[in-house]
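Everything below concerns the one structure shown next.
A short reminder: the numbers here are calculations on the coordinates, not readings from a lab. Just so you know, these numbers come straight off a predicted model, no measurement behind them. All Cβ positions, glycine included, derive from the backbone under ideal geometry; neighbour counts span all protein chains shown.
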């Protein structure tokens with residue numbers, strides 16, 4: 001059996017995930033719009049002249065907007081620029097609200113007390129901002145009463161409150177019925 005190198009097992013990153021910026025001699029266009037380190041516009045210059053200005057100031061010329069015509073370049077310290085980009089990306093990631101799907105499994109013949117316990121648990125999940133997946137597993141002869149099982153699930157969903165919306169309607173996989181609900185925004 002052939003051994004694979006450790007790099008083979010590493011996760012591949014999407015090209016969209018990694019945004020690379022051209023800098024200095026890697027900038028291929030003949031003319032660029034230049035912004036200096038203080039944020040002042042130096043106007044449209046030849047790339048060679050912009051590089052000379054950047055080297056004179058002991059900084060790098062970085063192409064920050066390659067899709068515009070002409071591309072926009074900034075005179076900055078490349079290492080510091082990369083650090084700030086990474087920091088900005090981390091802040092964006094922290095601001096994202098992660099919504100999980102929590103599951104509550106009820107039975108076809110659920111008793112009133114068990115139903116109240118599951119409702120309290122489901123309410124807690126919904127208040128935390130998560131989506132809720134309600135499952136019923138039908139066993140044996142219960143599979144003949146799918147209509148009754150759907151009715152039980154609908155009643156359970158309605159008992160959670162009026163501000164609940166059905167995200168995903170009933171799905172049936174084998175003997176398992178599922179319904180996904182969430183709080184209305």
*Helix 78-95 sits at what angle to the longest principal axis of the chain, using alpha carbons and giving 0 to 90 degrees rounded to 10?*
20
*Given the peptides 48-56, 76-84, arrange them by the average over their residues of other C-beta atoms within 10 Å, most packed first.*
48-56, 76-84
*What number, in percent, do you get for the relative contact order of region 11-95 if the mean sequence gap of Cα pairs under 8 Å and at least 6 apart is divided by its residue count?*
27
_Looking only at the chain, where both bridge partners belong to it, what percent of the DSSP beta bridges are antiparallel (to the nearest 5)?_
75
*Along the Cα-to-C-beta direction of residue 112, a point sits 7 Å from the Cα; which residues of region 156-185 have their amide N less than 19 Å from that point?*
156-161
*Which value at 222 nm does the chain reach when only helices count, each DSSP H run of 4 or more adding -39,500 (n - 2.57), with the total divided by all residues and rounded to the nearest 500 deg cm²/dmol?*
-10500 deg cm²/dmol
_On C-alpha positions alone, give me the angle between the axis of helix 112-127 and the longest principal axis of the chain, in degrees, nearest 10._
10
*asked:* Sorting check: for 31-37, 151-157, 171-177, which peptide has the highest mean count of neighbouring beta carbons within 10 Å, and how do the rest follow?
replied: 31-37, 151-157, 171-177
*Any idea what the relative contact order of the chain is, in percent, if you count C-alpha pairs under 8 Å spaced at least 6 apart?*
14
*For the chain, find the longest principal axis of its Cα atoms and tell me its angle to the long axis of helix 146-159, 0 to 90°, nearest 10.*
70
*Stretched out fully, how many nm does the piece from residue 105 to residue 64 gain, at 0.36 nm a residue minus the Cα gap?*
9.6 nm
